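Each remark here refers to the structure printed beneath this line.
The values are calculated or read from the model by the stated rules, or taken from the named source; none is laboratory data. Everything quoted here is computed from the prediction, not taken from an experiment. Cβ sites come from the backbone with ideal geometry, for glycine too, and all protein chains shown count toward neighbours. All accessible areas refer to the heavy atoms of the entire protein, side chains included, with ligands and DNA or RNA removed. Shrake-Rupley method; radii C 1.70, N 1.55, O 1.52, S 1.80 Å.
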Amino acid sequence: MALGPCKWISTITFAFLLLIFTVTLWSLESNQVQYPFAGDLTKMILGKLEGWSLGKHGVITEESKRETKSVGPNMTSCHPSYGRTDLLVDCCPPGFQSPLPFVDFQFPDPQSPLRIRRPVHAVDADYIAKYDKALSIMKSLPHHDPRSFSRQANLHCLFCTGAYDQQNSNAPLSIHRTWFFFPWHRMMIYFHERILGSLIGDETFALPYWAWDIPQGMVIPDMYTNNSSSFYHTMRDVSHLPPQTADLNYVSDTNLSPEDQIDLNLAFMYNQMVSGARKTELFMGCTYKAGKEGYCNGPGTIELAPHNALHTWIGSSLNPGREDMGKFYSAAKDPIFYAHHANIDRLWEVWREAHKQQLDIKDPDWLDSFFYFYDENLRLVRVKVGDVVDTIKLGYSYEQVHRPWLNMRPKPSYPPKLARQMLKTKEKNKLEMLSRTHVSSSELDTHGRALDASLTVKVRNHWRKKEKEEEKVIVVHGLEVKGDAYVKFDVYVNLIDQFKISPKFREFAGTFAHIPGGGAGKRKIDLKLGVSELLEDLEADEDESIWVTLLPTTPSCSNVTIGGVRMQYIK
């Protein structure tokens, strides 16, 4: 049967487009250089062509039907973003308006020497001199060079304040308070480390890590306080310089002795790394998918603190947002940022090792999500999350140190049986008081409640015989934070005495430590705290209900409202 004129035109157009894209793909692949969005556009058109060729009776596999929800930046969408609610910043790189050629990430030669990251407190003078030289060279590079220190610092501003939109969407992209927190920072310091090494011609160069989770490392390392070195930075809280012991759960300055602060830090680390982090989401952060509807706002244990807490502890009290370390847009301007995040990266490996990699994320949307970084050869590299899950394949590892916090499982502040009786008495007295003052049940609802004072809520435990792999979780949902101040409150279970509280006691369930900003938009936050081990130690795991106390520790908590508190199970 002869084809009509319209069908002839369609057939010729189809063949012409197919020929052009075949040649284009061959050319790009042969040069190993690509342009942002060219690959995605090609996939889209070829997918359409495949659909046309299949027709309505064609066979489509389940994989081809799956709509990808992986996340990536639109590199030409850069725009000013808010470093603080009152401060618009522009971190965009020169020439971002035009798509730039990039290469896909390739692992370093496995025969290359393994870079060993050592704790800062254990490095010698030769290493410090070598690092100082590399950093000095990096700081001397002009801003148009993406290897320069200013451009390296701006990376954190770009990806952590919403300066980029997502690909194929006008939704802002930000990596904090989601499951991208760990892999993105790993990418950033990976390329930073390799650039430093290349500037001094040392392919074995490795960043140090600030081991603030062990007693020997719980002060700002001396090398960062030498005002004649490139590590020195003026925008720090001078009251927290050595010999001041770091506060991993920082709120405000205390009068604790170094010994007491160390004990408190170790107990806190146990909660954040062990009992409160027994499920992937609790440690890694919430599941973030592409598009506006895919955004989530639920940070993991380590990101909340010590990460956020130490950023704030280091930042200068003389600046509105405790800049530089105290705000996302400025944090990477301080050289200590890189040692801080090297330790965060190490703790991800420690957590994975503790769980024998059984809690690793297998979701292809996470593994296929990607970001762009310049490497030591001035090539723009597209690197996927799935590329950075194995540090040995990336060519580096960590020198191990003793982890005393592993043995710091806290004990209840009161014997559990006595505590249960005291709670019953408190509940009875409270009910009698409410009946005398005629407070209605609606006034006891936590929805929209401002956290301007301590709040204790009776929560149904929803007890049932939980499955072996389940974790019981307290969810403080619908958190909304206004203003631009550091916000922090702690969460306790079955608290008897508010004057006898600290992470050293088993009643401590976790913390909410919040640096405002981060390009998160207006999505409310869900705080999830794993409490299975805690409830067992309090002998409350089979109780019908428990008492959950939210205890404000900063004045800025008056700007926080909550949607409610509930219990749930996570597999």
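Of the residues in the range 482-529, how many are part of a loop (DSSP other than H, G, I, E, B) and under 30 Å from Glu323 (Cβ atoms)?
17
Out of the residues in the range 79-136 that are open to solvent by less than 50 Å² (accessible area, probe 1.4 Å) and in contact with a Cys (Cβ under 9 Å, 6 or more places away or on another chain), state the one that is farthest from Asp334 (Cα to Cα).
That would be Phe96.
List every residue pair whose Cβ atoms sit under 7 Å apart, with the two residues 6 or more apart in sequence or on different chains, where the first one lies in the range 108-126 and is more than 9 Å from Pro208 (Cβ to Cβ) and the second, anywhere, is of a type in the set (Phe, Trp, Tyr).
As it stands, the answer is Leu114/Tyr396; Arg115/Phe205; Arg115/Tyr396, since those pairs meet every condition given.
Looking only at the range 512-554, how many residues end up being within 17 Å of Asp452 (Cβ to Cβ) and without any contact (Cβ under 8 Å) to a residue 24 or more places away in the chain? Let's see the steps before the verdict.
Kept after step one, since they are within 17 Å of Asp452 (Cβ to Cβ), are these residues of the range 512-554: 512, 514, 549-554.
In the following step, the residues that additionally are without any contact (Cβ under 8 Å) to a residue 24 or more places away in the chain were identified as none.
Matching residues across the range 512-554 total 0.
With the range 328-406 as the region, which helices (runs of 4 or more DSSP H) entirely inside it contain at least 2 residues that are farther than 30 Å from Glu469 by Cβ?
Those helices (runs of 4 or more DSSP H) span 336-354.
Tyr329 passes all but one of (1) touching a Cys at 6+ places or on another chain (Cβ under 6 Å); (2) of a type in the set (Phe, Trp, Tyr); (3) open to solvent by less than 10 Å² (accessible area, probe 1.4 Å); which number fails?
(3)
Take the range 419-441 and flag every residue that is out of contact with any strand residue (DSSP E or B) (no Cβ under 9 Å at 6 or more places or on another chain), of a type outside the set (D, E, K, R) and modelled with pLDDT of 50 or more.
Ala419, Gln421, Met422, Thr425, Asn429, Leu431, listed by residue number.
State the number of residues belonging to the range 538-571 that are open to solvent by 40 Å² or more (accessible area, probe 1.4 Å) and within 21 Å of Arg278 (Cα to Cα).
Residues that pass the stated criteria total 7.
Scan the range 281-307 for residues that are part of a helix (DSSP H, G or I) and modelled with pLDDT under 95 and jot them down. Explain how you work it out, then say what you get.
Keep residues of the range 281-307 that are part of a helix (DSSP H, G or I), which gives 281-284, 292-294, 301-307.
If the condition is that a residue be part of a helix (DSSP H, G or I) and modelled with pLDDT under 95, then Lys292, Glu293, Gly294 are the ones that fit.
When only residues in the range 442-473 that are of a type in the set (D, E, K, R), open to solvent by 90 Å² or more (accessible area, probe 1.4 Å) and in a loop (DSSP other than H, G, I, E, B) count, which is modelled with the highest pLDDT?
That would be Asp452.
Any chance the range 379-399 includes a residue that's among the hydrophobic types (A, V, I, L, M, F, W, C), outside the structural domain of Ser532 (by the TED database), farther than 28 Å from Val103 by Cα and modelled with pLDDT of 95 or more?
Quick first cut of the range 379-399, residues among the hydrophobic types (A, V, I, L, M, F, W, C) only: 380-381, 383, 385, 388-389, 392, 394.
In the following step, the residues that additionally are outside the structural domain of Ser532 (by the TED database) were identified as 380-381, 383, 385, 388-389, 392, 394.
After this cut, where a residue has to be farther than 28 Å from Val103 by Cα as well, the list is none.
Checked against the condition, which is being among the hydrophobic types (A, V, I, L, M, F, W, C), outside the structural domain of Ser532 (by the TED database), farther than 28 Å from Val103 by Cα and modelled with pLDDT of 95 or more, the range 379-399 yields no hits at all.
Please pick out the residue among Ile214, Ile137, Ile189 that is β-branched (Val, Ile, Thr) and more than 30 Å from Thr245 (Cβ to Cβ).
Values: Ile214 fails: more than 30 Å from Thr245 (Cβ to Cβ); Ile189 fails: more than 30 Å from Thr245 (Cβ to Cβ).
Going through Ile214, Ile137, Ile189 in turn, the sole match is Ile137.
So, in the range 162-189, exactly how many residues are open to solvent by 10 Å² or more (accessible area, probe 1.4 Å) and among the hydroxyl-bearing types (Ser, Thr, Tyr)?
1
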